[in-house]
Amino acid sequence: MRHVIPVFALLLVVAIAKAVPPPRLAKGPVPVPVPNIVLAKQLNARFILPKNGMPGTVTIPSKNPRRAIMEEHLLTRSGEMFRGKFLGYDPAQGLKWSHPDFLPKVIHFLPNRVSRLNFKVGPLPTHAKHHNCQLELANGDTIAGDLVRMENGKLIMNTWYAGELSINTAHIKSLKPGFSTSKVFFEGPKDAKNWIFNNGQNGGFQLGKVIPQLPLGQQKQLRERAAQAAKGPTWKFADGAFESTSSNSMVGRQMKETPDRSSTEFDVEWTGSLNLYINFLTDSLTSYSMCNGYCLRLTQSYVYLYRYNFNNNAGRGGRVGNNVRVNLANLQGNAHVALKMDATKKNIALLINGTVIQKWENLGKFPSEGNGLLFTSRTTSRMKLSRIRVTDWNGNLPEAKAKAKSGPKEDYVLLNNADHITGELIGIADGKLQFKSDFGEMAIGLEKVGVIHRARERVKAIPTTTGMARAIFKGKGSMAMNITGWKDGKVTATSPIFGEASFDAEVFQSIDFTGKNTRQASTNLPNPNSRGIEKGVRIPLQFQQRALPVPRRLKVPQALRFELNVRPQPKAPEIKPRR
């Protein structure tokens with residue numbers, strides 16, 4: 001018996017070896033397996049492979065322009081990138097730069113050899129002011145300020161970053177006065193005072209209403225849950241903004257006063273996909289659904305408006321109207337959102353970046369139980385809220401379908417009620433627009449004016465000079481200028497646009513020394529898969545995507561553009577009729 005078992009085991013091994021023959025090397029070229037991926041997801045004739053390098057289902061990374069080097073850095077025209085600290089600028093010596101790995105500690109870069117200077121990504125300073133007036137210049141630059149007057153070929157604006165600027169009107173392409181006599185009820189946040197932070201782990205109960213009606217044991221349990229939830233992750237306040245990286249994080253406050261016609265505006269920044277709930281006219285700051293009030297759900301692709309009622313310890317709600325399809329993917333991770341509410345007409349309007357997205361009408365009586373404003377993050381991706389303003393509103397909305405019809409010889413004024421007039425802009429003074437048309441001269445209140453498009457023949461190109469750079473502002477805006485000095489947080493510059501001026505250095509996000517017309521903030525690294533990549537710019541390895549060029553010998557028929565593993569059917573032989 002002892003010898004039977006080893007013999008049986010040996011026979012079993014031999015049988016298995018015969019059943020599974022060893023692999024044989026194929027004669028001729030080895031066929032290359034074709035990955036089962038979608039050709040429509042090619043980016044500039046590149047395949048993006050998974051980290052393990054094996055073919056299979058591929059998830060295309062979302063375009064996120066804010067995935068950039070957060071610290072200060074400099075790019076030369078030959079493509080090198082230097083981290084470090086910017087110390088100052090002198091037209092003769094160039095840019096002063098400090099690098100911990102260099103000796104001497106301070107080095108100089110010639111301005112004509114520098115491509116871009118990018119500062120650390122950060123918010124606007126606390127002394128920054130919200131400006132309503134927007135100018136678009138002949139070269140595509142945009143600047144903001146408070147409109148004072150326009151006379152003798154100059155437009156005067158007050159700005160927090162450069163004081164009073166005198167803009168040459170010959171270079172102004174369009175003007176949005178943004179004039180309003182609105183009363184401001186809230187503007188901030190300047191601190192965390194009077195804001196309530198929560199993370200939704202208390203189940204969304206309105207504890208003040210629910211606890212007194214429950215047994216003592218359940219009251220104690222809910223209080224413990226609320227105390228524990230208060231210690232969890234939620235929105236964080238820093239530098240005049242709220243930032244969240246956790247789902248169900250909430251921040252809100254009760255407004256002391258809101259008029260019948262009100263406007264609630266804020267800036268939102270996000271990475272990945274946006275998913276934000278905004279409760280307004282609500283009586284609860286601990287739940288977006290168990291409340292009395294409205295909830296606007298703002299996502300990457302849709303906008304929903306809900307109305308909630310809280311009765312008998314239960315929350316009930318439903319969608320108001322149909323969902324609105326939007327595309328926020330092309331907003332580059334930031335937007336300005338405005339909610340316009342008219343309690344007298346029972347209407348609510350949503351505007352994103354000044355464009356009317358949706359208007360809900362005949363909503364019935366607005367909630368009167370509360371006057372709260374609550375923000376709830378519904379994603380773990382980074383989200384940031386800033387420049388929150390609550391003001392009264394005159395009831396006018398920009399016409400969504402109105403199109404400017406500026407001609408070559410006549411200025412075009414589009415009013416807030418969608419009416420328009422053509423003629424010649426004479427001047428602006430005392431809150432009035434002086435305009436000459438076929439009906440004679442007239443004075444129009446700036447609060448009625450939406451945008452002014454100047455006649456094309458009256459707009460002159462901005463002359464370029466040697467050494468002219470483009471300064472990109474934090475938040476929004478840019479301006480071409482010749483920088484003459486940079487010291488102690490003050491930047492002196494000259495330009496055909498404004499003459500001479502001194503700027504607060506904190507307004508600048510980056511400086512483009514190539515002088516190219518770039519509306520997008522240049523703090524972002526070039527995307528190797530984008531067509532707008534600058535020649536000669538070297539991308540650090542940690543920001544490069546793995547990409548495999550498509551072999552030239554691989555020719556994919558049009559019928560196989562979407563599914564490579566579907567083989568074409570052979571053509572059926574032609575059947576000839578018998579004679």
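The values are calculated or read from the model by the stated rules, or taken from the named source; none is laboratory data. Computed from a predicted structure; not experimentally measured. Every residue, glycine as well, gets a Cβ built from its backbone with ideal geometry; the counts of neighbours run over all protein chains shown.
General remarks:
- Selection count where residues are assigned to a loop (DSSP other than H, G, I, E, B), hydrophobic (A, V, I, L, M, F, W, C) and surrounded by 14 or more Cβ atoms within 10 Å (Cβ to Cβ), scope region 459-488: 3
- Flag if T126 is touching a Gly at 6+ places or on another chain (Cβ under 8 Å) and at pLDDT 90 or above: no
- Meets criteria (modelled with pLDDT of 90 or more and within 23 Å of the chain's Cα centre (by Cα)) for L425: no
- All positions within region 100-116 that are farther than 19 Å from R470 by Cα and either surrounded by 15 or more Cβ atoms within 10 Å (Cβ to Cβ) or touching a Lys or Arg at 6+ places or on another chain (Cβ under 7 Å) (or both): V106, I107, H108
- Among the residues here, S166 does not qualify as surrounded by fewer than 18 Cβ atoms within 10 Å (Cβ to Cβ), modelled with pLDDT of 70 or more and closer than 20 Å to Y277 by Cβ.
- Residue in region 265-278 that is touching a His at 6+ places or on another chain (Cβ under 6 Å), under 24 Å from N396 (Cα atoms) and not in a loop (DSSP other than H, G, I, E, B) present: yes
- Failed item, numbered, when D411 is tested on (1) acidic (D, E); (2) over 19 Å from E136 (Cα atoms); (3) surrounded by 17 or more Cβ atoms within 10 Å (Cβ to Cβ): (2)
- Residue satisfying condition, being closer than 29 Å to P123 by Cβ, assigned to a strand (DSSP E or B) and charged (D, E, K, R), within set R316, R297: R297
- Some residue of region 432-445 being at pLDDT below 90 and in a loop (DSSP other than H, G, I, E, B): yes
- Residue pairs meeting the criteria (Cβ under 7 Å; at least 6 apart or on separate chains; first closer than 12 Å to G293 by Cβ, in region 355-382; second of a type in the set (G, A, S) and part of a strand (DSSP E or B)): P367/G293; G370/G293; G372/G252; L373/G252; L374/G252
- Scanning region 430-462 for residues that are over 35 Å from the mean Cα position of the chain (by Cα) and either within 17 Å of M150 (Cβ to Cβ) or small (G, A, S) (or both) yields D430, Q434, F435, K436, S437, G440, E441, M442, A443.
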